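Each value in this text was obtained by applying a stated rule to the coordinates, not by laboratory testing. Computed from a prediction, not measured in an experiment: that's the story for all the values here. Note that each Cβ is placed from the backbone with ideal geometry, even for glycine, and that neighbours are counted across all protein chains shown.
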Amino acid sequence: MAIKITDECINCGACEPECPNTAIYEGGVEWKVADGTTVRGDYTLMDGSTTAANAPHDPIAVDTYYISPDKCTECQGFHEEPQCAAVCPVDCCVPDEMYQETVESLLEKQSKLHA
């Protein structure tokens, strides 16, 4: 399951540099699959739609930092635990119940993002 940032976020930014997938963005900033990954060309998102890796996507949140679930691997393949949750001073990086993923599927996503 991906990680999400709750409304309790204090916008400290501690999580953003810790993400090995560059899946964390400041509120209001568009996200791209290509940001911090090796993905080029087309990429299939979790909902089955296809997007260009460099195509900008609407921000998921405007007032707080947010995590793109299409890029979040819970740090599988990099660390033993999600680094955003490990450094968050207010514990607002929590599992996102909307995205049920196995360790195997998270590792597969990681290998696609960093081929």
Inset, instruction - Can you give me the number of residues within region 74-102 that are among the hydroxyl-bearing types (Ser, Thr, Tyr) and touching a residue at least 60 places away in the same chain (Cβ under 8 Å)? - result: 1
Legend entry - Subset of region 1-47 that is free of Cβ contacts under 8 Å to residues at least 60 places away in the same chain and among the hydroxyl-bearing types (Ser, Thr, Tyr) - its residue that is farthest from residue 95 (Cα to Cα): 44
Inset, instruction - Would you check which residues across region 77-91 are in contact with a helix residue (DSSP H, G or I) (Cβ under 9 Å, 6 or more places away or on another chain) and surrounded by fewer than 21 Cβ atoms within 10 Å (Cβ to Cβ) and list them? - result: 77, 78, 79, 86, 87, 91
Inset, instruction - Identify all residues within region 92-108 that are buried (at least 18 other Cβ atoms within 10 Å of the Cβ) and in contact with a Lys or Arg (Cβ under 8 Å, 6 or more places away or on another chain); write none if there are none. - result: 93, 96, 101
Inset, instruction - State the number of residues belonging to region 48-67 that are touching a residue at least 12 places away in the same chain (Cβ under 8 Å) and exposed (fewer than 12 other Cβ atoms within 10 Å of the Cβ). - result: 3
Inset, instruction - Would you confirm whether any residue within region 50-65 is aliphatic (A, V, I, L, M) and under 10 Å from the mean Cα position of the chain (by Cα)? - result: no
Inset, instruction - Kindly indicate whether residue 13 is surrounded by fewer than 16 Cβ atoms within 10 Å (Cβ to Cβ), part of a loop (DSSP other than H, G, I, E, B) and out of contact with any His (no Cβ under 8 Å at 6 or more places or on another chain). - result: yes
